[in-house]
Amino acid sequence: MASNTELGNMTLDTVILNGTVVDGSGKPAYESDIGIRADEIAMIGDLKNLEARRRIDASGFVIAPGFIDVHGHSDITLLSDPCGESKIYQGVTTEVTGNCSFSPFPAGKVGPDVLQNQLKSTLISNFSWTWNNLDEWALVVEKNGISINIAPQLGHAALRVAAGALHPNPASKDELEEMKKLACQTIEQGAFALTTGLSGPPSGYADTNEVIDLCKAISSFDGTFYTTHARVGPGRHKSAIEEAVHIGEKSGIPVQFSHLSITEVSLHGKSFESLKIFEDAHGSGVDISYDVYPYTAAGAGLKQVMPAWAQAGTIEEYMSRLSDPRTREIIKAEVATGIREKPPRWDAWFIAFTQSGPNAGTVGKSVEKIAAERGIDPAEAVIQMVEAEGGNVMTLVHNRSEEDVRKFLQHPLSMIGSDGRAISPDGFYGTGRPHPRFYGTYPRILGKYVREKPQLFSIETAIHKMTGAPASRMGFKDRGILNKFMKADLVMFDPDTVIDNATFENPQRYPTGIPYVLVNGKFVIDDGEHTGARPGHVLRRGA
């Protein structure tokens, strides 16, 4: 608490008075004032008689650390939409990027044009890539300005593109050595972790040993860990977790399992089987945790239902297979049979975003409906849309049970990650119908799962899963806990009204009940409105 000496010798920029502090540690809430000077929390205590340039009465509000989205995909969207409205309005002040194997660096010998061409259908934007490595990308991001902080990870797909490993096999010795070299260089530049996307090419071409070798290569750097979007397919919900555990055991680095879920309808209700694997691994000494988002639908690309072999090589080679009549029929047969599920439930796959003219009018419609409108079978409709979009189409897939979602959210090893992107209703994604998690993940936790009955967990536990827990995983020394001398990333919300307003039908809507958000001591959301401020930074491992 603030001492009399401190009170007499300091003028603060902002004092937040009479708030209920939930500090992110999981400890009980308490009443206090918060004093901010420059970009730091300078004082905590009774500050009512202290001079400040601005005073805010937080009576009835909770003051918490800014939320840390441990699983996001705004590596490129923040260049197009630098104010990051969909995230900052939720109270997210830091996003962890580079997930699911997709980072916009390193380019290696192939250069940024080739890297962007190979990854552009996933890292979608209208911004040309001009950088070769993390340092150069960070310079572009910070020169452009961003409203939230981002903490970059290194994507395995980028490594494979940079090393020329686009074939549907484990990397060759030379390719692996090139990937190791680029991985170490990127970690040295401040990347926090290596991420894989084993559900699809090119990351999914790797075998377990390739991933272990890459994790071993970066294991000597303090604070690094392994993040995995695991393999998918019928019956894989347990073996995918077991593979992640095995990689952690063999490489000796911590493991973060991405967006834990059960997507096979026949296995709904069996979350306890997945959780036991985590519990056993954790009990045996593996540093493992996972993130999860509070929705029963996933966000995915149609490329995930396309055969992996068909996507080998360059985008141009992939498209040429689709244009060859005989090969196209083989691909169509495999799409119809099903890779992720047998057979695919096309009434559950909805188009979220497109850029091509031939796909105009498909957003918000199911694959089943689009096929019926075109008078073709669903597999052919998938191929047509992928072909028109140049490799992928973003979709929503309704494939989870609320019971499993609640179990995964509640478990002590979980933390919250949106798997969403920082976008704007008026920006590049404005014509799309993205997953509501882009706009609603964190207020949904605070409203639906904390306030509404039956309550899933306390507000202290929820805030810990959104702040202190991800900060610990990331190794942040100055964020995630509301304490003196920590960075002034703060969120104020009304616990009685906070709620998400984004829906599947109308997803680009801001939440209610979060009137103030500060990033590095600057008001970005002020009385419910975006100030236009861009005080965010690219954070680095160990900094």
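The values are calculated or read from the model by the stated rules, or taken from the named source; none is laboratory data. Small disclaimer: the values here were computed from a predicted structure and weren't measured. Backbone-built Cβ (ideal geometry, glycine too); neighbour counts: all protein chains shown.
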Condition first: surrounded by fewer than 22 Cβ atoms within 10 Å (Cβ to Cβ) and over 30 Å from Asn117 (Cα atoms). Can you find one or more residues in the range 295-311 that meet it? yes
Scanning the range 39-80 residue by residue, those acidic (Asp, Glu) and in contact with an Asp or Glu (Cβ under 7 Å, 6 or more places away or on another chain) turn out to be Asp46, Asp69
Residue that is nearest to Asp13 (Cα to Cα) [pool: residues in the range 478-495 that are out of contact with any Lys or Arg (no Cβ under 7 Å at 6 or more places or on another chain) and charged (D, E, K, R)]: Lys484
Taking the range 312-335 on its own, how many of its residues are crowded, with 16+ Cβ neighbours inside 10 Å and out of contact with any Asp or Glu (no Cβ under 7 Å at 6 or more places or on another chain)? 9
Would you point out the residue of the range 94-134, among those that are small (Gly, Ala, Ser) and assigned to a loop (DSSP other than H, G, I, E, B), that is farthest from Gly72 (Cα to Cα)? Gly111
Checked the range 81-127 for anything modelled with pLDDT of 95 or more, hydroxyl-bearing (Ser, Thr, Tyr) and within 21 Å of Thr354 (Cβ to Cβ); matches are Ser86
Give me the pairs: first residue in the range 223-248 and assigned to a loop (DSSP other than H, G, I, E, B), second residue of a type in the set (Asp, Glu), beta-carbon distance under 8 Å, and six or more apart or on different chains, which are they? Ala230/Glu243; Arg231/Glu243; Pro234/Glu264; Pro234/Glu341; Gly235/Glu264; His237/Glu264; His237/Glu273; Lys238/Glu273
Residues of the range 420-435 classified as of a type outside the set (A, V, I, L, M), crowded, with 24+ Cβ neighbours inside 10 Å and either at pLDDT 95 or above or in a strand (DSSP E or B) (or both), total: 3
Report, ordered by the first and then the second residue, all pairs with beta carbons closer than 8 Å, sequence separation of six or more or different chains, a first member in the range 511-532 that is over 23 Å from Arg437 (Cβ atoms), and a second member that is among the aromatic types (Phe, Trp, Tyr). Phe523/Tyr516; Asp526/Tyr516; Asp527/Tyr516; Thr531/Phe523
When the residues of the range 155-189 are filtered to those that are out of contact with any Asp or Glu (no Cβ under 6 Å at 6 or more places or on another chain) and in contact (Cβ under 8 Å) with a residue 60 or more places away in the chain, which remaining residue is farthest from Pro106 (Cα to Cα)? Pro168
Counting only residues that are closer than 30 Å to Pro412 by Cβ and either out of contact with any His (no Cβ under 8 Å at 6 or more places or on another chain) or at pLDDT below 95 (or both), give me the strands (runs of 3 or more DSSP E) lying completely in the range 1-71 with at least 2 of them. 12-21, 30-37, 40-45, 62-65, 67-69
Just need a number here: residues in the range 158-187 that are in contact with a helix residue (DSSP H, G or I) (Cβ under 9 Å, 6 or more places away or on another chain) and assigned to a helix (DSSP H, G or I). 20
Considering Leu260, Leu275, which residue is closer than 27 Å to Pro170 by Cα and surrounded by 15 or more Cβ atoms within 10 Å (Cβ to Cβ)? Leu260
Checking the condition surrounded by fewer than 18 Cβ atoms within 10 Å (Cβ to Cβ) and at pLDDT below 95, which residue from Gly364, Gly375, Gly357, Gly391 passes? Gly357
Looking only at the range 192-199, decide whether some residue is aliphatic (A, V, I, L, M), within 19 Å of the chain's Cα centre (by Cα) and crowded, with 24+ Cβ neighbours inside 10 Å. yes
